[in-house]
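Worksheet for the structure shown next.
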Amino acid sequence: MNSRFPLFRKRDLLVFLLAAVLAGVGFWQWIPKSGAPVAVIEQDGQEVRRVELDSIVQPETLILEGEISVTVLLEPGQVSIIHSDCPDQICVNTGTLTRPGQCAVCLPARVAVRIVGKIESGVDGMTG
């Protein structure tokens, strides 16, 4: 190796560090910031109600009438489907929803309950 041409020069190191910092800032901006959880309750594809779960002081039930009746329980910090007249009861067995991204769906009744963040993150979808 020739000592006149070192493997890394100072400006190469500076460019590398600058690129690493920019990548880190970009990654930080990409992370979803969900804020307070908001329950969104939909029936037949239409939003029925939107509730900030942190603002609930006492439990509240919401009965969605239709061919198949569904009862949704809103509690401080959580939401769940507690009763449905559907035959399979998958929506009831989903349990309590507490975090953005979680959802419970009753397909026969065409009812969906999901939790979203108060601040929209711009993320199109999530799994998990």
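Selection of region 76-87 for residues being among the aliphatic types (A, V, I, L, M) and buried (at least 16 other Cβ atoms within 10 Å of the Cβ) yields Val79, Ile81. Counting only residues that are free of Cβ contacts under 8 Å to residues at least 40 places away in the same chain and either loosely packed, with under 14 Cβ neighbours inside 10 Å or in contact with a His (Cβ under 6 Å, 6 or more places away or on another chain) (or both), region 88-102 holds 4 of them. Does any residue of region 21-36 turn out to be closer than 20 Å to Glu75 by Cα and either touching a helix residue (DSSP H, G or I) at 6+ places or on another chain (Cβ under 7 Å) or modelled with pLDDT of 90 or more (or both)? Among the residues of region 21-36, at least one is closer than 20 Å to Glu75 by Cα and either touching a helix residue (DSSP H, G or I) at 6+ places or on another chain (Cβ under 7 Å) or modelled with pLDDT of 90 or more (or both), which makes the answer yes. Hey, among the residues in region 103-122 that are assigned to a loop (DSSP other than H, G, I, E, B), surrounded by 14 or more Cβ atoms within 10 Å (Cβ to Cβ) and not basic (Lys, Arg), which one's modelled with the lowest pLDDT? Looking at residues that are assigned to a loop (DSSP other than H, G, I, E, B), surrounded by 14 or more Cβ atoms within 10 Å (Cβ to Cβ) and not basic (Lys, Arg), I get Ser121. Filtered by the rule that a residue be assigned to a helix (DSSP H, G or I) and either of a type outside the set (Gly, Ala, Ser) or at pLDDT 95 or above (or both), region 38-93 gives Leu53, Asp54, Ile90, Cys91, Val92, Asn93. Of all the residues in region 32-75, those that are open to solvent by 40 Å² or more (accessible area, probe 1.4 Å), free of Cβ contacts under 8 Å to residues at least 60 places away in the same chain and within 17 Å of the chain's Cα centre (by Cα) number 4.
The values are calculated or read from the model by the stated rules, or taken from the named source; none is laboratory data. Small disclaimer: the values here were computed from a predicted structure and weren't measured. As a convention, Cβ positions derive from the backbone with ideal geometry for all residues, glycine included, and neighbour counts pool all protein chains shown. Note: accessible area is taken over every heavy atom of the protein model, side chains too, but ligands, DNA and RNA are not part of it. Shrake-Rupley method; radii C 1.70, N 1.55, O 1.52, S 1.80 Å.
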